[in-house]
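Below is one structure; the comments refer to it alone.
The values are calculated or read from the model by the stated rules, or taken from the named source; none is laboratory data. Here the structure is a predicted model, which means the values were calculated and not measured. Please note: Cβ atoms are built from the backbone with ideal geometry, for glycine as well, and neighbour counts cover all protein chains shown. Side chains included, ligands, DNA and RNA excluded: accessible areas come from the protein's heavy atoms. Shrake-Rupley method; radii C 1.70, N 1.55, O 1.52, S 1.80 Å.
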Amino acid sequence: MKKMIALLSAAVLTVATAVTAFALPSVSVDGVVTKIESAVDANGNAVTVEIKEVPEEYKAAVEEVKTEAKIKELLGDDFKEGMQVVDVKEVSVPDGTTFPVTITFQVPGVKAGSTVAVLHYNGSAWERITKDVKAGNGTITATFDSLSPVAFVVDKEAAEAASTSTSTSAKSPKTGEFNVLGMAGIVAVIALGGMAVTYSRKRKEA
């Protein structure tokens, strides 16, 4: 009987573990900047902007700018607790474009009153873009004198809002996976429970 109880306990623990593991959504908000709302050159002409993943050669620089220490260093007194980089993208415009270029990026979670910052990698170091940087409803606008990797920094509230909007789609666990594991565990518990009852009755009859 003690062995049966041990088996039942193990089965229950297995089910609980599966539920915990598959019910927790990711809180990462990396990869939210994918579209441009508008872009104009120095003469006010519309510009086509291309957004791509950052080349492998800049991997170390990307990892560096995602750290709180680096963000604090770049923002100084403007840093607020909880601010983080929500995305880093390779941004480019066609050859011959007249700089400076003002670009409005679509950034989920950002509001008109959000605290935001835009960082640019100049090939050797990260620098803060200070020209015409402003937050809108779901957007961040900045004016660039040159382009390459660009990092988008938002405050804690905007980051949490972006996490809510992205984790439920691309990063949430599939419902089917949870149901299969959960049902399998429940069936196992019921089966072992039945065995325990049968075993107990036989002992009494004996």
Report every pair of residues separated by at least 6 positions or lying on different chains whose Cβ atoms are under 6 Å apart, first residue within the stretch 101-118 and touching a residue at least 40 places away in the same chain (Cβ under 8 Å) and open to solvent by 20 Å² or more (accessible area, probe 1.4 Å), second hydrophobic (A, V, I, L, M, F, W, C) and in a loop (DSSP other than H, G, I, E, B).
Pro108/Val32
Checking Val133, Val197, Val150 in turn, the sole residue that is open to solvent by 30 Å² or more (accessible area, probe 1.4 Å) and either in contact with a strand residue (DSSP E or B) (Cβ under 9 Å, 6 or more places away or on another chain) or modelled with pLDDT of 95 or more (or both) turns out to be Val133
Only listed residue being at negative phi, loosely packed, with under 11 Cβ neighbours inside 10 Å and modelled with pLDDT of 95 or more, chosen from Ala125, Ala142:
Ala125
Hey, can you tell me all the residues within the stretch 37-95 that are closer than 17 Å to Ala159 by Cα and among the hydroxyl-bearing types (Ser, Thr, Tyr)?
Thr67
Limited to the stretch 60-86, what total is found for residues that are assigned to a helix (DSSP H, G or I) and either open to solvent by less than 70 Å² (accessible area, probe 1.4 Å) or touching a residue at least 40 places away in the same chain (Cβ under 8 Å) (or both)?
9
Quick check on the stretch 35-59: of everything there that is touching a Ser or Thr at 6+ places or on another chain (Cβ under 8 Å) and open to solvent by 100 Å² or more (accessible area, probe 1.4 Å), which residue is nearest to His120 (Cα to Cα)?
Glu37
Report, ordered by the first and then the second residue, all pairs with beta carbons closer than 8 Å, sequence separation of six or more or different chains, a first member in the stretch 135-148 that is over 13 Å from Phe99 (Cα atoms), and a second member that is acidic (Asp, Glu) and open to solvent by 20 Å² or more (accessible area, probe 1.4 Å).
Thr139/Glu37; Thr141/Asp132; Ser148/Glu90
Glu90 open to solvent by less than 40 Å² (accessible area, probe 1.4 Å), over 16 Å from Val40 (Cα atoms) and part of a strand (DSSP E or B)
yes
Restricting to the stretch 1-60, give me the number of residues that are closer than 30 Å to Val93 by Cα and either of a type outside the set (A, V, I, L, M) or modelled with pLDDT under 55 (or both).
20
